[in-house]
Amino acid sequence: MESKTRKCPECGSKRVVSDSKHAELYCADCGIVIAENIVDLGPEWRAYDSEQASKRVRTGPGMSYRIHDKGLSTPTPKLPAGIKRLRWVNMDSSEKTLAFALIEIDRMSCALKLPNDIKEAASVLYRKAARQSMIKGRSIEELVSAMLYIVCRQYGIPRTLKEIAKVSRSPIKKIRRSYIFLLRKLGLKIAPADPAHYIPRFCSELGLSETTREQAIEILNQDKGTGAARGWAPIGTAAAAIYIAAVLSGDAEYRPERAIAKVAGTTEITIRSRCKDLGKALELDLDAFSSPPRRHPRAV
């Protein structure tokens with residue numbers, strides 16, 4: 001009741017005090033007792049510092065799908081190493097496979113600098129696939145890599161298949177095959193990736209200013225999803241928008257196509273093609289993107 005009571009029903013004051021000693025809830029202004037016999041939901045022990053509190057607490061961390069036993073097992077401290085190995089041997093094959101897959105999810109997520117929400121969602125997706133018997137006969141590395149890519153797409157995290165393949169132990173062709181297999185079997189529908197999600201990271205790696213970054217995003221907004229409707233790859237579209245914004249920003253912000261292609265993981269030909277298409281759609285001067293901006297000759 002104390003959590004629902006925000007003000008005094010008698011005088012309307014918001015100075016409501018919870019008295020744990022007398023188990024009462026009263027108003028500090030008029031003195032009326034709003035509730036009595038309140039149940040104290042806190043611990044029954046006292047602690048005067050953090051070290052004493054850590055020794056007396058009897059609860060562990062919350063349940064997590066990133067651990068094969070969801071973190072609900074009771075660890076036994078100071079056991080001989082042989083007993084620990086015996087406990088691992090006693091695990092069945094499915095539990096061992098699950099533990100290995102979750103370790104791989106955590107390893108690749110850390111290498112890709114993904115947040116804990118992505119790790120948790122990928123772990124839940126793997127458990128769902130395991131319940132539907134999709135794991136048997138398939139490589140765990142391929143499935144885990146594809147699941148990470150699916151979750152990144154669902155949460156709008158800008159990660160490409162090439163980036164995931166770099167930290168995975170499987171080639172990109174097999175990861176793409178597992179990605180299509182999971183989408184079909186799990187009935188997942190993923191929207192096309194938004195090229196604007198890649199622009200902040202690419203601009204940061206290229207050392208471009210915030211003004212150029214905002215201009216590149218504005219170029220994509222003016223395109224109004226024409227590139228996605230034509231089937232353009234989001235990485236190439238983002239790289240082309242960055243190149244156009246860098247050229248429009250002047251010599252100080254100019255970056256060659258080769259540098260942008262290296263950061264974005266695409267080719268210079270793709271950037272030129274997307275620049276022409278975006279220039280036609282936005283009615284921009286196409287001659288400005290065929291060659292780098294002119295520079296004054298060095299004084300002799």
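The values are calculated or read from the model by the stated rules, or taken from the named source; none is laboratory data. Note that this is a predicted model, so its numbers are computed, not measured. Note that we place each Cβ from the backbone using ideal geometry, even for glycine, and neighbour counts take in every protein chain shown.
Let me confirm something: among 217, 271, 235, which residue is part of a helix (DSSP H, G or I), under 31 Å from the mean Cα position of the chain (by Cα), over 21 Å from residue 153 (Cα atoms) and modelled with pLDDT of 85 or more? Talk me through it step by step, then tell me what you get.
Numbers: 217 fails: over 21 Å from residue 153 (Cα atoms); 235 fails: over 21 Å from residue 153 (Cα atoms).
The unique qualifying residue is 271.
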Which one is farthest from residue 17 (Cα to Cα) among residues in segment 34-50 that are in contact with a Ser or Thr (Cβ under 8 Å, 6 or more places away or on another chain) and at pLDDT 75 or above? 38
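Can you report the number of residues in segment 201-212 which are in contact (Cβ under 8 Å) with a residue 24 or more places away in the chain, surrounded by fewer than 17 Cβ atoms within 10 Å (Cβ to Cβ) and either in contact with a strand residue (DSSP E or B) (Cβ under 9 Å, 6 or more places away or on another chain) or not small (Gly, Ala, Ser) (or both)? Talk me through it step by step, then tell me what you get.
Initially, segment 201-212 is screened for residues in contact (Cβ under 8 Å) with a residue 24 or more places away in the chain, giving 201-203, 205-206, 208-209, 211-212.
Going one step further and asking which of them are surrounded by fewer than 17 Cβ atoms within 10 Å (Cβ to Cβ), we end up with 201, 205, 209, 211.
Checking the rest, the ones that are also either in contact with a strand residue (DSSP E or B) (Cβ under 9 Å, 6 or more places away or on another chain) or not small (Gly, Ala, Ser) (or both) come to 201, 205, 211.
So the answer is 3.
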Filter segment 177-196 down to residues that are surrounded by fewer than 17 Cβ atoms within 10 Å (Cβ to Cβ) and in a helix (DSSP H, G or I), then give me how many there are. 7
